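This report refers to the structure that appears directly beneath it.
The values are calculated or read from the model by the stated rules, or taken from the named source; none is laboratory data. These numbers come from a predicted model, not from an experiment. Neighbour counts are summed over all protein chains in view; Cβ atoms, including those assigned to glycine, are modelled from backbone coordinates with ideal geometry. When the accessible area is computed, the model is the full protein with side chains, heavy atoms only, and any ligands, DNA or RNA have been set aside. Shrake-Rupley method; radii C 1.70, N 1.55, O 1.52, S 1.80 Å.
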Amino acid sequence: MNPSDVSRLLLDLWKDLHDVRVLWQLAVLGAGIVLAWWLNRLVKPRLASADDALKITLGGLQRLLFPLTVLAVVLVGRVALKHWHSVNLLNVAVPLLTALAIVRVVVYALRRVFSPGGWLRNSERMISWTVWLGFAIYITGLAPEFIKFLDDTGFNIGKQHVSLLLILQAALVVGITLLSALWAGSAVESRLMGADNLDMNLRAVLSKLTRALLTVAALLIALPAVGLDLTLLSVFGGALGVGLGFGLQKIASNYISGFIILMDRSVSLGDMITVDRFAGRVSKITARYVVLSGLDGTETLVPNDTLVTSPVVNNSYSDPKVRAAVTVQIDYRSDVDSALRIMEDAARKQSRVLREPGPAALVRQLGENGIDLELGFWIEDPQLGWGKLRSDMLRDILAGFRSNGIRMPEPKSEVRVQEAPRAP
């Protein structure tokens, strides 16, 4: 469409707006909007009850449903009405709805692939403005001149002329291909994570491998599409190898260690581990680090290389049960057997304490001020913490000691005053 055609389209549209027959075009637009609203009502309940994999498909369909439905109705109405009168309003609505569909699908793909953040909102805003600016350039007839300007502006690399148009086309092709690959990887990852019949580590390995392979395939498809020779990648691969040998070896070690951890199943999601003075529950395993969620709410990012090269205390490696102990001290004049029985009864009252193996109280040592007793018990949910469980248990023990006359030793201090020798 040349500039004169676009200018004539805008003038004809202005004339149509003053003609009563424009109501037919408005009726077509209204029918498309009503149909899109009705289809959206049908999809929305299914989206709420769908699983993760189906929710990705239905979520994208719901965002495209409105512009594509209205666009289909407009195209059919334009074919039907153009035999009787002009359809300039519908001609303008077609690129408008197309731009709206592009904005919605790109924004939805970004939200599915990347985590929420300020940069994501800024990217969505920039993409929206870019699409709408392109629509404005097209509808005003400036597209041919703008494309020619981009093609003429550039620089030379050897015998190759690199224009702004070529750079923008390359960025668009690579961006769309990578975004599609990451979107597909996210969908595959959601499906794999929902497969309960597979081991959690195996699911994590397959999802990361799938995303990596899709990314590499996207680059291999996009680079030739923009005219880049793949033989140049051999030079880049050599440079990358040198970089890995010097400055990037630690990063490469972390990535390789991440796959080793997932493959040998030494650490899994939900395990309670202690490594390098940090303890917590493994809440996330990435390609570079492992996230440990502490019982106090803090999160520690431990590099994968540390988990491979350092000793790791895994409380849930072969058995999730963990033993804990509570110590108290009683007076030498108290009944030891009654105290041991009260301590075991206090442990049995707690719902988190396992019945098998059951709690056991014993005499730990005969101290200077009293008898040290220890209550050992087992739990299978250490990720819930120890503080409240110990507090409830000690309160029950204290109440039982008071009701049975069992005393705890009071600290004693002995002070001796010696007289100074008298002077002769």
Test: residue in the stretch 114-121 that is under 24 Å from residue 180 (Cβ atoms) and modelled with pLDDT of 75 or more: no
Single condition residue 422 does not satisfy, out of (1) within 30 Å of residue 283 (Cβ to Cβ); (2) open to solvent by 60 Å² or more (accessible area, probe 1.4 Å); (3) modelled with pLDDT under 90: (1)
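Yes or no, residue by residue, for (1) over 30 Å from residue 408 (Cβ atoms); (2) in contact (Cβ under 8 Å) with a residue 12 or more places away in the chain; (3) of a type in the set (Ser, Thr, Tyr):
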site: 253; (1), (2), (3): yes, yes, yes
site: 302; (1), (2), (3): yes, yes, no
site: 305; (1), (2), (3): yes, yes, no
site: 339; (1), (2), (3): no, yes, no
Residue match in the stretch 340-358 (condition: open to solvent by 100 Å² or more (accessible area, probe 1.4 Å), at pLDDT below 90 and more than 53 Å from the chain's Cα centre (by Cα)): no
Positions within the stretch 271-285 being in contact (Cβ under 8 Å) with a residue 12 or more places away in the chain, open to solvent by 30 Å² or more (accessible area, probe 1.4 Å) and not acidic (Asp, Glu), in sequence order: 274, 278, 279, 281, 283, 284
Residue match in the stretch 132-151 (condition: out of contact with any Asp or Glu (no Cβ under 7 Å at 6 or more places or on another chain), at pLDDT below 70, within 21 Å of residue 223 (Cβ to Cβ) and exposed (fewer than 14 other Cβ atoms within 10 Å of the Cβ)): no
Residue list for the stretch 382-409, filter: surrounded by fewer than 17 Cβ atoms within 10 Å (Cβ to Cβ), modelled with pLDDT under 90 and among the hydrophobic types (A, V, I, L, M, F, W, C): 384, 386, 408
Failed item, numbered, when residue 316 is tested on (1) surrounded by 13 or more Cβ atoms within 10 Å (Cβ to Cβ); (2) modelled with pLDDT of 75 or more; (3) farther than 30 Å from residue 363 by Cβ: (2)
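Here's a check for you: in the stretch 372-381, which residue that is charged (D, E, K, R) and at pLDDT 85 or above is nearest to residue 269 (Cα to Cα)? Talk me through it step by step, then tell me what you get.
If we filter the stretch 372-381 for residues that are charged (D, E, K, R), which is where we start, we get 372, 374, 380-381.
Now restrict to residues that are at pLDDT 85 or above: 372, 374.
Details: 372: 38, 374: 32 Å.
Among residues in the stretch 372-381 that are charged (D, E, K, R) and at pLDDT 85 or above, the one nearest to residue 269 (Cα to Cα) is 374.
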Residue match in the stretch 371-381 (condition: open to solvent by 80 Å² or more (accessible area, probe 1.4 Å) and part of a loop (DSSP other than H, G, I, E, B)): yes
